[in-house]
Structures are given as structure tokens and as C-alpha cells.
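Here the structure comes first, spelled out in C-alpha cells, and everything after it is commentary.
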Amino acid sequence: MSSVQNKIEVVRGDITKMATDCIVNAANSSLLGGGGVDGAIHRAGGPAILEDCRKIVAKQGGCKVGEAVITTAGNLPSKFVIHTVGPVWNGGQKNEKKNLADCYRNSLELAVDNLCKTIAFPNISTGIYHFPKDQAAKIAVASTTEFLSNSDKIDKVVFVCFDEDNFLLIKAELNILFLQSDW
Ligand code: ADP
């Protein structure tokens, strides 16, 4: 268990600055850009990211909620951007929790498929999509921890929190995990 915990980090900051092998984008299903972290990634990474997104749209018509696709990172310091589509919060009875967990799991699987060892996540769905931040933090940490417990292919997962609330919530979840484990 300790090795899993050593692989998870939480920082406050801007994900576009991260030099991990890949960064994850909280995209929308059109893949054609939006606000929040999506806008920031396309602005900082330049037009090559949107070009790749358009190719994916032409091939498969966008990306479903909970799924993930991969593109170049353009001018960003990372090698790839993994675009995943978080659920819009609709009261919690519309599969939102499962869909959010799928975002983390499918992004990690796609990272492994592309030989990425290090990955940075934003707090998917907690902005414009209004997923409650405390529940989202639990799901982010639980799904990531589960993945890392079953695979040794990823060396580092960084949760890059843009706002203080998310930073404190992810940190609290990680602390619960530390305190509850036996090691
Ligand atoms: P969603 O539509 O999935 O809610 P948003 O982009 O609106 O996506 O918000 C997701 C999270 O990304 C929010 O917690 C927001 O504060 C955060 N965010 C916004 N810009 C950045 C950035 N440059 N780096 C990291 N996180 C960011």
C-alpha cells in the first residue's frame, strides 16, 4: 500500500505548466474546446491540439461521458493531452459517480496504453459541471488508488488543483487513506 501512496501527489497550480508525460483535460463531448481548464489547455498548447481533436471527431464523432481520447500536447511541456468527458452533476441519481470514476480509470488506462509513466489530473467536473467537490475528491482518490493498486505501470499521479477548496479536499482524502492503512 505504501508504494501506491508514494505515487500520488497533490499540488495547487495550473495544469498547463505540468511536465508529466501526459495531462488530463476536462473536456466536453464535442472535443471542440470550451471554458475552464479546457480553454486554458487549448490556449497554452496551441492549434495542434484542436487539429488532433477534429480528426478524432471525424473518426468517432466526439467522446462519450466517462470515456477518454488522446492527442498531442502541442506546445505544452507534457507529451500528450488525454481528454476525458466528466459528467454534468444532475442531483446524483444519473450515474454521475460511476461516470466520474470511469473518467479517472479510462484516462489512466489510456496513459498506460501510450507508455506514459506520469500523469496530471485536474479536478474533473468540479467547475462548470458542478459536481460537488467533496464527493468528486473521494472518487478521484478512490479510483486512482484502486488503479495503482492493480497496475505497476504508472509511477506518478499528480492532482493539480486550481482552487484551494479542491486542494484541501484531495489532501484530506489522501490523509484518510494514510491513516486507515495498516502499513
Ligand atoms: P468541468 O466542465 O469538468 O467542470 P472545468 O474546466 O469547468 O471543467 O473545471 C474543472 C476544474 O478545473 C475546476 O476545479 C477548475 O477550477 C479547474 N481548472 C480551471 N483551470 C485550470 C487550470 N489551468 N489548471 C488546473 N485546473 C484548472
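The values are calculated or read from the model by the stated rules, or taken from the named source; none is laboratory data. The model shown is predicted, which means the values in this text are computed figures rather than measured ones. Glycine also receives a Cβ, built like all others from the backbone with ideal geometry; neighbour counts cover every protein chain displayed. Surface accessibility is based on the protein's heavy atoms, side chains included, excluding ligands, DNA and RNA. Shrake-Rupley method; radii C 1.70, N 1.55, O 1.52, S 1.80 Å.
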Exercise for the section: At q = 0.13 Å⁻¹, work out log10 I(q)/I(0) for the chain with the Debye formula, treating every Cα as an identical point scatterer and leaving solvent out; two decimals please. Expected result: -0.59
Problem - Entries in LYS79/LYS153; LYS64/LYS94; LYS79/LYS117 that, when Cα-Cα distance is taken, lie over 23 Å - result: none
Practice task
Can you send over the solvent-accessible area of HIS130, 1.4 Å probe, protein chains only, in Å² to the nearest 10?
Solution key: 130
Problem - Å² per residue, accessible surface of region 68-183 at 1.4 Å - result: 48
Fill in the blank from the handout: Only helices counted: for the chain, with every DSSP H run of 4 or more residues adding -39500 (n - 2.57) and the sum spread over all residues, [θ] at 222 nm is -14500 deg cm²/dmol
Handout entry: 17 Å Cα-Cα reach of LYS7 towards aspartates and glutamates, excluding residues that sit fewer than 8 places from it in its own chain
Key = ASP21, GLU109, GLU146, ASP152, ASP155, GLU173
Handout entry: Two-decimal log10 I(q)/I(0) for region 93-183, as the Debye equation yields it once each C-alpha is a single scatterer, q = 0.17, 0.19 Å⁻¹
Key = -0.73, -0.91
Exercise for the section: Give the dimensionless ratio obtained when the Cα radius of gyration of region 1-71 is divided by 2.2 N^0.38 Å. Expected result: 1.27
Problem - Sites ASP134 and SER3, calculated FRET efficiency, Cβ-Cβ separation with R0 30 Å, nearest 0.05 - result: 0.65
Exercise for the section: Would you work out what percent of the accessible area of the chain, with all protein chains in place, is carbon or sulfur (probe 1.4 Å)? Expected result: 53
Exercise for the section: May I ask you to list, by number, the DSSP H helices of the chain whose Cα span along the axis is at least 18 Å and whose average Kyte-Doolittle hydropathy reaches -0.5 or more? Expected result: 47-60, 133-150, 164-180
Practice task
State, as an integer percentage, the relative contact order of region 2-177 based on alpha-carbon contacts under 8 Å between residues 6 or more apart.
Solution key: 29
Exercise for the section: Express the relative contact order of region 42-120 as a whole percentage, based on alpha carbon pairs under 8 Å and six or more residues apart in sequence. Expected result: 27
